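First the structure, in the form of structure tokens, and then the observations on it.
The values are calculated or read from the model by the stated rules, or taken from the named source; none is laboratory data. Predicted model only: the values in this text are computed from it and were never measured. Cβ atoms come from the backbone with ideal geometry, glycine included; neighbour counts cover every protein chain shown. Areas reflect the complete protein model, heavy atoms only, side chains present, ligands, DNA and RNA absent. Shrake-Rupley method; radii C 1.70, N 1.55, O 1.52, S 1.80 Å.
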Amino acid sequence: MRLRLLFLTAFLVVLSGCSGSPDNSARQEGADACAIALASHTGETKLDQEISRLQAEARTASNPSRALEQLGWRFVSKARISSDPGYYKLAEKCAECMQAKSPRKPEALLLRGHVLHNVHRFKEAEEVARELLTLIE
């Protein structure tokens, strides 16, 4: 059910972005990524509660980068525990949201590269790793 909701949300986001102007497309994509990453999460485990807490923190923080980064890593953990790749997509959306607010942020690139590697998108993961190396050298 959660995965269906995620795909429906993503589909609606894509449809709404089709009519936007080119000038606003990058900003809109970042806002869409944030909306997807921060869509209400349910569950009863300790990890689910931590995800919900971090989402609430990210929604209200003046600088949500730290909460988004931690949220992304919690989604990675949830993906591993549940074997649901949809949580990797949510982690990737956390990284995209962080990058929209602070382009080339190393923490966002590390999270995104990790997600890409875990979903076997190795070529893209390599590109992210190379970009990350240029930032830290």
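Computed on segment 28-72, with alpha-carbon pairs under 8 angstrom and 6+ residues apart, the relative contact order is 28 percent. The mean sequence distance of close C-alpha pairs (under 8 Å, at least 6 residues apart), as a share of the length of segment 56-137, puts its relative contact order at 23 percent.
Taking every Cα-Cα distance in segment 39-137 and sorting them into 10 Å bins from zero, the calculated P(r) comes out as 17, 48, 28, 7, 0 percent.
The overall shape of segment 77-135, judged from the alpha-carbon gyration tensor, is oblate: a/c is not under 1.5, and a/b is no greater than b/c. Straight-distance candidates among the aspartates and glutamates for linking to residue 93, with alpha-carbon spacing under 14 Å and chain neighbours fewer than 8 residues away dropped: 29, 32, 69, 107. Think of a 1.4 Å ball rolled over the protein heavy atoms: segment 71-137 then has 53 Å² of accessible area per residue. Placing dummy labels 7 Å off each Cα toward the beta-carbon, the span from residue 124 to residue 80 is 2.1 nm. For segment 30-73, the orientation-averaged shadow of the C-alpha convex hull comes to 2.9 nm² (one quarter of the hull surface).
Cross-link pairs exceeding 22 Å between alpha carbons, from the set 46/78; 89/123; 101/123: 101/123.
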